[in-house]
1. In the range 158-189, whose amide N lies under 11 Å from the spot 7 Å out along Cα-to-Cβ of Ile147? List them in ranges.
2. Whole-Å semi-axes of the range 66-247's equivalent ellipsoid, largest first, each the root of 5 times a Cα gyration tensor eigenvalue?
3. Taking amide H atoms as placed 1.01 Å from N in the peptide plane, list the residues 5 or more away in sequence, or in a different chain, whose amide H sits under 5 Å from that of Phe197.
4. When the Karplus curve 6.51 cos²θ - 1.76 cosθ + 1.60 is applied with θ = phi - 60°, which whole-Hz ³J(HN,Hα) does each residue of the range 212-220 get, with x for Gly and Pro?
5. For Asp176, what charge total do you get from the other residues with a beta carbon under 14 Å from its beta carbon, if Lys and Arg give +1 and Asp and Glu give -1?
6. What does the highest-first list of 194-204, 133-143, 158-168 look like by mean Cβ count within 10 Å?
7. Cβ under 11 Å from Ile42's Cβ, Ile42 left aside: what net charge do those residues give with Lys, Arg +1 and Asp, Glu -1?
8. About the Cα centre, and with charges only on the beta carbon of Lys, Arg (+1) and Asp, Glu (-1), how big is the dipole of the range 66-247? Nearest 20 debye, please.
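Nothing in this text is a laboratory measurement; each read-out follows from the coordinates by a stated rule. Just so it is clear, the structure is predicted and the values come from calculations on it, not from any experiment. Cβ placement follows ideal geometry from the backbone for every residue including glycine, while neighbour counts extend to all protein chains displayed.
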Amino acid sequence: MFVPVNWRFQMKLSAPLHLLKSRAKAIKKNSSLTMVEALDHIAKKEGYLSWSSLQTQQKHVLPKTKQEVFAYLNPGDLMLIGARPGLRKTQFALDILVQALVEDRYCYFFSFEYTHSNISNYLLDDYCNTKYLSIDLCDEISASYIIDKTKSTLSKPGVIVVDYLQLLDQKRSNSDIQQQLKTLKAYAKERDFIIIFISQLDRSFDEKCDVLPTINDIRMPNEFDVTLFNKLMLIHGKGQLFLQPAQFELN
């Protein structure tokens, strides 16, 4: 069951903040407006009173339903979904793919855990126009492999789900996981799509009866900079916990 978090949800912006700022710069260049006025103009078009209001409220925008999770994501996002086994984290990621397919987005699902029929049947039960869906169950998953398989077909914003993060770190012949994540983050921004990684939480978390998971509970065979992810959701027995980037610092 999805347990809502206690934040008011706002509709996502029409574009990430850095692109909205670029629009404001273009307006300033081609008009008599100051940069502050141009930013406020952009903010009002997004439904906010001012640019400062937009920035303040966006810092606290978190989704409350499965449908809103997809609305919470912007092209270029790198998202991490973490949980212990049996908490349906893969199904949650597939629910996001369903929302993307409804909007005719190109979608990719990379996994070493499931069969093609398992995934197809689940998605078909929920919607789905699978002509925009590619399922890849190869055990050679790496940043370069993902890019090679998606670069020719993702001609518009799409969604990639990788089940699971630790696959990038499985073969010594691959670059270290930190470099692979940097490569994929740059690729996501360049192509304006979303990449979602599913990850295990460390086994020790099972022993923390009444404690919520934190970023420190993500299983890391080799450490990486978790701030490469700008969206993070941890699933636990009481529901879903969304963390803000400011909370991503490792202890």
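1. 180-188
2. Semi-axes, largest first: 24, 19, 16 Å.
3. For Phe197, the qualifying residues are Met79, Leu80, Ile81, Val162.
4. My calculation for the range 212-220 gives 6, x, 10, 4, 5, 8, 5, 6, 10 Hz in order.
5. Local charge sum for Asp176: 0.
6. Highest-to-lowest ranking by the protection proxy: 158-168, 194-204, 133-143.
7. It works out to a net charge of +3.
8. Dipole magnitude for the range 66-247 comes out near 220 debye.
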